[in-house]
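Here the structure comes first, spelled out in structure tokens, and everything after it is commentary.
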Amino acid sequence: MTEYSSLEARLYASIALVRRAEEVISEIYPSDKIKSPVHLAIGQEYIAAAVIDHLRETDYAAGTYRGHGVYLAKGGDLNSMMAELYGKKTGCAQGRAGSMHLVEASKGVIGMSAVVGTGIPVAVGHALAIKQQRRNDVVVAFMGDGSTEEGCFSESINFAALHKLPILFVVENNRLAIHEPLYKRWAADTLTERIATYGIPATRFLEPNVLAIHEHVGKVIDDMRSGAGPAFIECHTHRWYEHVGPCEDYDQGYRSLEEGEQWRAKDVYVALGQSLDAKEKAQIDQDVEARIQAAVEFAEQSPFPAPEELYNYVYA
Amino acid sequence: MSTPNTSRLLKYFDALREGAEQAMDADSSVFMMGLDIDDHRGIQGSTKGLVEKFGPERVFTTPLSEDAMTGVAIGAAMAGQRPIHVHIRMDFLMLCMNQLVNIAAKSHYMYGGTVQVPLVIRTMIGKSWGQGAQHSQGLHSMFAHVPGMKVVAPSNAYDAKGLTMQAVRDNNPVLIMEHRLLYGTEAYVPEEPYTVEFGKARVLREGNDITIVGVSNMVMEAMRAAELLAEQGIEAEVIDPVTISPLDFDTIEASVAKTGKLLVVDNAWLNCGFSAEIVARVAESENISVKPAVKRMGFAPTTCPTTPSLEDAFYPNPKTIAITAYQLASGKQDWVPADDQCQLAYQTQFKGPF
């Protein structure tokens, strides 16, 4: 594992890998070599990077269909991810998952779901198993603001709080559900206050302050390992790209470029990069590019599954 | 496996409880959750005593959150536990549909064989005394439709225990469809642990004149009808598929090839259902040389009413099954069993041997 001179460098490397991998995916996408809908998290990568930095291999992370960042930060293999997007046999699910259902059980990446909110109780179930197995591992469940409108979100938080399960709920609130803005969906923009009424620590981050998020989560997860029970954070953020696909879509009229520019001016990827020693940054950038290039080549050169493999894995 | 000998009669609900208890004894990763499983009623006795024996960490009630609780059970199963999630009525599974269909059934496949969901769902169909629209549905066809799910339907106490023990050992999501009217029925049930194989139908009664396939409680009703038919000289072969998915079609096929007549009595509606699946497979069979005469029975194509006068007309019963089978087998319409005969048939209860 690469050693970095600072926390900032480590977080930058994690964010840079996701940012650049998704930019490359977006470049490849029009070629139709990637046979899967892609939901890019460009602009939001810092949240998963900051949170997952505190996790061990035996901990679990649950992402969503916008989950490249969670998968990579938790130790998922970039080659396997790229091959999965290409539909190749060497993919993390042998071409059965695509971009929306990334998984790496051996690294604690819980399989992701394309049905919004569905992964939340499944993550809570992993936390229940941890408790029953007397481990001091933890689970982090990432979700968008839309998923908090699903019934299973409230049901899950209630159950996790009731049983004091070791799980951190992380809402990446980009204030959009596909194209629908928050004000058309929420009666009150007080999610964090609402969750606090379950009797669990709940904290909101309005700004993309990656170091503040990192510090807070570190403390929360330490407490969780010693039995404190679940916690919740809400991070306001911004999705730079369209809901699904490789492009920006500010011209579509459902959100303003002005708002986007405010968030882009605070891009964590740029800010963290600028804070680093130039030589170390260049080294990280070079490593990232080399890994992505290698992953694309791996994906392109890997074989497709044979048709007769269709019937594999229906039952365990 | 061979059938263990036993002389002990046990009720269906006791057999369900004993199967779970022995599975929990054998494997500390097995736990049970579900609304009311730890209360004084213990799901009509089928979970009674388990919390006292295994403690509240392994036997616990849940909030009324069927959707999330199903996801929790799935997640725990993925992480190495073996949950048994209990629902007192099958109708409540509609609240679990997303998790069962989109996650439980699909995970092993969708995640390339890297994730297993050894989950057991116990669920009970209600019938009679005005159970009505939302306490009476047999929804096995909906679940059996989905690859990755297994669906089993114990019609007797022996299978109730053996299928429970096999379901817990299985590494896939398994739905156990129980029936309230079977809870009080008795059969010979061995005291030692045993399993009932999935995908193996049981011929409960041999006969050459007609094949009757029953599902769940309708197995019992078909056996009663077979008694009435025997008095008319018609020997029905009664088959219990035991497991809906996987389905042992070979046993049904061999029987239909022999009798040339098939009556399927499902504990559900007919439209797009399990009975249609069996008939379709019979139609496709290359081993049934002569086109058989076929009939299906099941719930009336209505919502289940509560008043007895309508409810009685909603379900097949030994009398209507016997009449239908008689007409199919003999080609004649000259017999209707007398009500006092039917009353006697209602006392019939198949207790084994299995």
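Looking at the range A:74-129, which of the residues that are surrounded by fewer than 22 Cβ atoms within 10 Å (Cβ to Cβ) and part of a helix (DSSP H, G or I) is nearest to the other protein chains (Cβ to nearest Cβ)? Among those residues, the one meeting the criterion is A:Ala105.
Could you please find all residues in the range A:198-244 being closer than 26 Å to A:Gly43 by Cβ, of a type in the set (Asp, Glu) and part of a helix (DSSP H, G or I)? Residue satisfying the conditions is A:Glu215 alone.
Apart from one condition, B:Leu95 fits all of (1) buried (at least 22 other Cβ atoms within 10 Å of the Cβ); (2) not in a loop (DSSP other than H, G, I, E, B); the exception is (1). Of everything in the range A:290-311 that is of a type outside the set (A, V, I, L, M) and in contact (Cβ under 8 Å) with a residue 40 or more places away in the chain, the residue that is farthest from A:Ala13 (Cα to Cα) is A:Glu309.
Taking the range B:21-42 as the range and being touching a residue at least 40 places away in the same chain (Cβ under 8 Å), part of a loop (DSSP other than H, G, I, E, B) and touching a strand residue (DSSP E or B) at 6+ places or on another chain (Cβ under 6 Å) as the test, the residues that pass are B:Ser29, B:Gly34, B:Ile37. For the range A:130-139, the tally of residues that are assigned to a loop (DSSP other than H, G, I, E, B) and either buried (at least 24 other Cβ atoms within 10 Å of the Cβ) or facing another protein chain (nearest Cβ under 8 Å) (or both) stands at 2. For the range A:179-197, which residues satisfy the criterion of being hydroxyl-bearing (Ser, Thr, Tyr) and either surrounded by 14 or more Cβ atoms within 10 Å (Cβ to Cβ) or not in a loop (DSSP other than H, G, I, E, B) (or both)? Result: A:Tyr183, A:Thr192. Exactly one residue out of A:Phe153, A:Phe142, A:Phe159 is in a strand (DSSP E or B) and at pLDDT 95 or above: that is A:Phe142.
What residue, of B:Glu52, B:Glu18, is farther than 27 Å from B:Lys200 by Cα, in a helix (DSSP H, G or I) and acidic (Asp, Glu)?
Only one candidate passes the filter, namely B:Glu52.
With the condition kept exactly as written, say whether any residue in the range B:272-289 is in contact (Cβ under 8 Å) with a residue 12 or more places away in the chain, among the polar types (S, T, N, Q) and either assigned to a helix (DSSP H, G or I) or crowded, with 20+ Cβ neighbours inside 10 Å (or both). Within the range B:272-289 (the criterion being in contact (Cβ under 8 Å) with a residue 12 or more places away in the chain, among the polar types (S, T, N, Q) and either assigned to a helix (DSSP H, G or I) or crowded, with 20+ Cβ neighbours inside 10 Å (or both)), the answer is yes, since at least one residue qualifies. Taking the range B:143-260 and the helices (runs of 4 or more DSSP H) fully enclosed by it, the elements with 2 or more residues that are of a type in the set (A, V, I, L, M, F, W, C) and within 15 Å of the chain's Cα centre (by Cα) are at B:157-169, B:217-231.
In the range B:79-92, the qualifying residues are those that are more than 19 Å from B:Met142 (Cα to Cα) and either acidic (Asp, Glu) or more than 7 Å from every other protein chain (Cβ to nearest Cβ) (or both), and the one that is surrounded by the fewest Cβ atoms within 10 Å (Cβ to Cβ) is B:Arg82. Do the conditions hold for B:Ala104, that is, is it touching a helix residue (DSSP H, G or I) at 6+ places or on another chain (Cβ under 7 Å), surrounded by 24 or more Cβ atoms within 10 Å (Cβ to Cβ), within 12 Å of chain A (Cβ to nearest Cβ) and modelled with pLDDT of 95 or more? Yes, satisfied.
The values are calculated or read from the model by the stated rules, or taken from the named source; none is laboratory data. Keep in mind it's a predicted model, so treat the numbers as computed, not measured. We place every Cβ from the backbone using ideal geometry, glycine too, and count neighbours over all the protein chains shown.
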